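This report refers to the structure that appears directly beneath it.
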Amino acid sequence: MSWHADHDFAVTISGGSVAGLCNAIVLRKLGATVTVHERLPGQMIARGAGIVVQNELIRLLQENGAGPLPFTTCRGRRYLDPDGGDGVPQDMPQEFTSWEAIHAALRAAVPDECYRPGSEVVSVSQTGSKVWVTLRDESTVESDLFIAADGSGSPIRRKMLPEIEARYAGYVAWRGTVAESSVPSDLLPFFDDLFTFSEARSGGHMLAYFIPGSDGAVAAGSRRLNWVWYVHVRPADLADVLTDKNGVRHRSSLPRGTAPERTAARLRERAHREIHPKMAALVSATPDPFLQSILDVTVPKTLFGRILLTGDAAFVVRPHTAGGTAKAAYEASTLARALKSARANVDVALQSTERQQLEYGNALYDYGLALGNRWSRDRTTD
Ligand SMILES: Cc1cc2nc3c(=O)[nH]c(=O)nc-3n(C[C@H](O)[C@H](O)[C@H](O)COP(=O)(O)OP(=O)(O)OC[C@H]3O[C@@H](n4cnc5c(N)ncnc54)[C@H](O)[C@@H]3O)c2cc1C
């Protein structure tokens, strides 16, 4: 039976990634009738790479009978010197997973009849406590609540808060993964069991850790070695860096397999000039590096009647926080708790959710900015 006694409580969600699925899971458990519309058709794979495991996500999975989430572990951290010093490992155990593993665990907990791939939300309107969503196929769906989990470029945020723009932070994240079986033999023991960092000579830093294989396997030999390198790119040069091998200019990321060879070659050369030789060798061993530009988004509100922004659609926090997926899970759990305790008073629950989202989002955003600015400042004093 639904917690909402009067009638079936219908929720429409735009976006079938981490934030959309977290909301779908917790709201279905409350008894709501949930439909997730994901613009992309088919299976969503190869979206990202490594993710540091955070408690909020694990809690959401466990409390809702979802998972298990495959993860790898390391015993500690090591900070390398770009000139070749190997640093001293420090005890600091950590767990890592991957975007694919998180998506698979969440998706498995949402039945197919609630998840519509290849279904794009094109507009939303509302009257009183009802929201009407129009889809690309021109059909219209009525619901009691609409959740915009449509990512950092959220079309719904742009409609609700047209004055809010995603700001380019001045640097990009080059990323890559190498199947463990393809990692050069001298690199394997060097990176195994550690979360390894290297400063770059011109500022920025690179980090590397093992994550589950693309099928979720975590046994030695089946994992992937994942790296992220934060590289300063002048705004004037961004268009060039975001242009793929077919000459198509992307908005904010260069998906896996689309980087032109000349861009990948420049990255490899730069790695040999700027970072620890083992990190540079790892970049060279990566067949298809991909890129995400680092964006900042903050919002003054997340609630517009019965329309709620969540995940990266609300705040985009710097990846140094390793907190984007945890934020998505926190927001979904907060919404479910508020709806449960306010029972039929949905608007009170939504207002309480918005307050908590703004508090959490602003705090995480500021923390990410402080971490990001620390190395930007270091770069200018180099
Ligand atoms: C370099 C980098 C490293 C990161 N590392 C970490 C980390 O270690 N740990 C961590 O927690 N987070 C990390 N993050 C952040 C994390 O990836 C996101 O915060 C998290 O995935 C939440 O995303 P989301 O679901 O809100 O949005 P997204 O994953 O962007 O999903 C939005 C979805 O909405 C769909 N969509 C868009 N428009 C429509 C529409 N009109 N109709 C239907 N569907 C639509 C899109 O196709 C997409 O699937 C990192 C981010 C970056 C850039």
Total residues in segment 300-317, condition outside any strand (DSSP E or B), open to solvent by 10 Å² or more (accessible area, probe 1.4 Å) and within 13 Å of the ligand (Cβ to nearest atom)
2
Flagged in segment 318-355 as assigned to a loop (DSSP other than H, G, I, E, B) and either free of Cβ contacts under 8 Å to residues at least 60 places away in the same chain or open to solvent by 20 Å² or more (accessible area, probe 1.4 Å) (or both), in numbering order, are Ala322, Arg343, Ala344, Asn345
So, in segment 132-164, how many residues would count as being over 20 Å from Gln357 (Cα atoms), charged (D, E, K, R) and within 9 Å of the ligand (Cβ to nearest atom)?
1
Can you tell me which of Ala264, Ala236 is more than 19 Å from the chain's Cα centre (by Cα), within 30 Å of Arg167 (Cα to Cα), outside the structural domain of Ser152 (by TED's automatic domain parsing) and without any contact (Cβ under 8 Å) to a residue 24 or more places away in the chain?
Ala236
Segment 165-200: number of residues that are among the aromatic types (Phe, Trp, Tyr) and more than 16 Å from the ligand (Cβ to nearest atom):
2
Could you please find all residues in segment 243-266 being of a type in the set (D, E, K, R) and either at positive phi or not in a loop (DSSP other than H, G, I, E, B) (or both)?
Arg249, Glu261, Arg262, Arg266
Of everything in segment 137-149 that's farther than 25 Å from Val316 by Cβ and not small (Gly, Ala, Ser), which residue is most open to solvent (accessible area, probe 1.4 Å)?
Glu138
What is the residue count in segment 33-55 for residues that are open to solvent by 10 Å² or more (accessible area, probe 1.4 Å), more than 9 Å from the ligand (Cβ to nearest atom) and at pLDDT 95 or above?
2
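The values are calculated or read from the model by the stated rules, or taken from the named source; none is laboratory data. All values reported here derive from a predicted model rather than from experimental measurement. Glycine also receives a Cβ, built like all others from the backbone with ideal geometry; neighbour counts cover every protein chain displayed. Note: areas computed on protein heavy atoms with side chains; ligands, DNA, RNA excluded. Shrake-Rupley method; radii C 1.70, N 1.55, O 1.52, S 1.80 Å.
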